[in-house]
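The values are calculated or read from the model by the stated rules, or taken from the named source; none is laboratory data. The structure displayed is predicted, hence computed values, not measured ones. Here the Cβ positions follow ideal geometry from the backbone for every residue, glycine too, while neighbour counts run over all protein chains shown.
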Amino acid sequence: MCTIRSLAIITIASALFCNCGRTEPEGLETLRFTAIPDQTSTELQEKFQPLAEYLGRQLGVPFQFVAARDYPGSVEMFKNADVLLAWFGGLTGVQARQSVPGARAIAQGEVDRKYYSFLIAHQDTGLERSEEFPLAIADLRFTFGSRSSTSGRMMPEYFIRQHTAQSPLEFFKHPVGFSGSHDKTAELVESGQYQVGAINYKVYEQRVESGKTDPKICRIIWQTPPYADYNWTAHPDLEKKFGQGFTDRLQQVLISIDDPSLLAALPRTRLISARNEEFNAIRQVAEELGMVR
């Protein structure tokens, strides 16, 4: 016969072993991470959810993706330790690490060591692809992507200055635009609102592959020289919150991922290790253009 005391013991034991609907262990801190919003997609949360779940299983702590409002917003979130891990572009990564002593670039796409941008133009300009820098764009309406984008603004501006010995403000006859994202740049050029634009090569190729951009109407006219770009950057507080050696463990998990569905959010086919020193050239260009202090 079950006594009142034994019933109480059973009830307490059940409460201890039942998760009562929780998906995270009680008291276990969540590792929040973000990514620069380099496309105008509303599906970032959905894209990053499988990766968050995978990292959580591998490392034993819950991961949560937190969307950033814009490029500077992603850096500010990292600076304030609102997120402790971020998928940055080359410039935003440099800005974040400059703001947070001890922050580390830990992984990058295999393609990110030699990244590049396209200059694209509307077919009505009559411009064709060439290895020579297209000086004729000086008379056309031109747009960058985000003001803080490595591939959509900083490096294209750097190469424009190299080839013309002028700033974009001096070189272009019309006011230069800033679309805010690579997707928007493609849309503005294809519509003819801007005649020429600078865009991340991977975004352009993905849009063409998916049918979002017609390469006959919105055509490549020039490709920049290569530069380093995207990277995962880790906040030093990871070691305080999740234990010594956690950052190295996180790095190993990231670079060992071989499931295309997990890498699709980036999107990359493979991640490799990264070090802060690999982005020194980006930092030097950013300093030259006044984008970091």
Total residues in the range 164-194, condition exposed (fewer than 14 other Cβ atoms within 10 Å of the Cβ) and part of a helix (DSSP H, G or I): 3
Limited to the range 64-82, what total is found for residues that are more than 19 Å from Pro260 (Cα to Cα) and part of a strand (DSSP E or B)? 1
Only one of (1) at pLDDT below 95; (2) at negative phi fails for Gly180. Which number is that? (2)
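Ala68 - would you say it is in contact (Cβ under 8 Å) with a residue 40 or more places away in the chain and surrounded by 20 or more Cβ atoms within 10 Å (Cβ to Cβ)? Let's see the steps before the verdict.
On the way: in contact (Cβ under 8 Å) with a residue 40 or more places away in the chain: no; surrounded by 20 or more Cβ atoms within 10 Å (Cβ to Cβ): yes.
Spelling it out, it is not the case that Ala68 is in contact (Cβ under 8 Å) with a residue 40 or more places away in the chain and surrounded by 20 or more Cβ atoms within 10 Å (Cβ to Cβ).
Taking the stated definitions as given, is Ala81 crowded, with 22+ Cβ neighbours inside 10 Å and either in the same structural domain as Ala274 (by TED's automatic domain parsing) or in contact (Cβ under 8 Å) with a residue 60 or more places away in the chain (or both)? Let's see the steps before the verdict.
Details: crowded, with 22+ Cβ neighbours inside 10 Å: no; either in the same structural domain as Ala274 (by TED's automatic domain parsing) or in contact (Cβ under 8 Å) with a residue 60 or more places away in the chain (or both): yes.
So Ala81 does not fit the description; no.
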Among the residues of the range 222-245, what is the count of those that are crowded, with 20+ Cβ neighbours inside 10 Å and more than 23 Å from Trp87 (Cβ to Cβ)? 1
Any hit, the range 87-95, residues being surrounded by fewer than 23 Cβ atoms within 10 Å (Cβ to Cβ) and not in a strand (DSSP E or B): no
Which of the strands (runs of 3 or more DSSP E) contained wholly in the range 211-287 include at least 1 residues that are farther than 23 Å from Ile36 by Cα and outside the structural domain of Phe33 (by TED's automatic domain parsing)? 218-223
